[in-house]
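See structure below.
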Amino acid sequence: MQTGRRLFLSMIVVTLAGVRAVFAGQYRHSPLSRTPHIPDASVAGSENDTPIMRKQELKEQLKENQKNLRRDADHLLQLAQELKDEVDKTEQTDVLSLSLIHRAEEIEKLARQIKGLARSA
């Protein structure tokens, strides 16, 4: 059972390292590099203001998504550290405690949420 725990924890750590690396790679690129190029309209008036407003809204949305991803990644790291601390405190080698399982499920759920946010960004 001890090797099962070690394997589980090592998988969690590797997953966290991968998620952290993915987010670090995403933050190096400018969020505006993904925005499509909007040509200037030759018609004057309110139509000229619309693309600029959309571009600003898109920029604000990307900033908000990036902030949420960082917050969730930090929370994921904190949960994984708490799980590791709890496993280190556990003396029993034959039984895995229910709280460890719940914490691992919470970590897994948050990791899936982060993955979904990263794909949509």
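Bear in mind that the values in this text are calculations on the coordinates, not laboratory data. Keep in mind that what you see is a predicted model, and the values were worked out from it rather than measured. Ideal geometry is used to build each Cβ from the backbone, glycine not excepted, and the neighbour counts take in all protein chains shown.
In table form, for the structure just shown:
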{"item": "Environment charge of residue 102, counting only residues whose C-beta is closer than 12 Å and scoring Lys/Arg +1, Asp/Glu -1", "result": "-3"}
{"item": "Cβ-derived FRET efficiency at R0 35 Å, residue 55 paired with residue 10, nearest 0.05", "result": "0.20"}
{"item": "Karplus 3J(HN,Hα) series, Hz, for the stretch 97-113 with 6.51 cos²θ - 1.76 cosθ + 1.60 (x for Gly, Pro)", "result": "6, 5, 5, 5, 5, 5, 5, 5, 5, 5, 5, 4, 4, 5, 5, 5, 5"}
{"item": "Order of 13, 19 under a 10 Å beta carbon neighbour criterion, fewest first", "result": "13, 19"}
{"item": "Listed residue (81, 98, 118) projecting farthest to the positive dipole end of the stretch 73-121, Cβ model", "result": "118"}
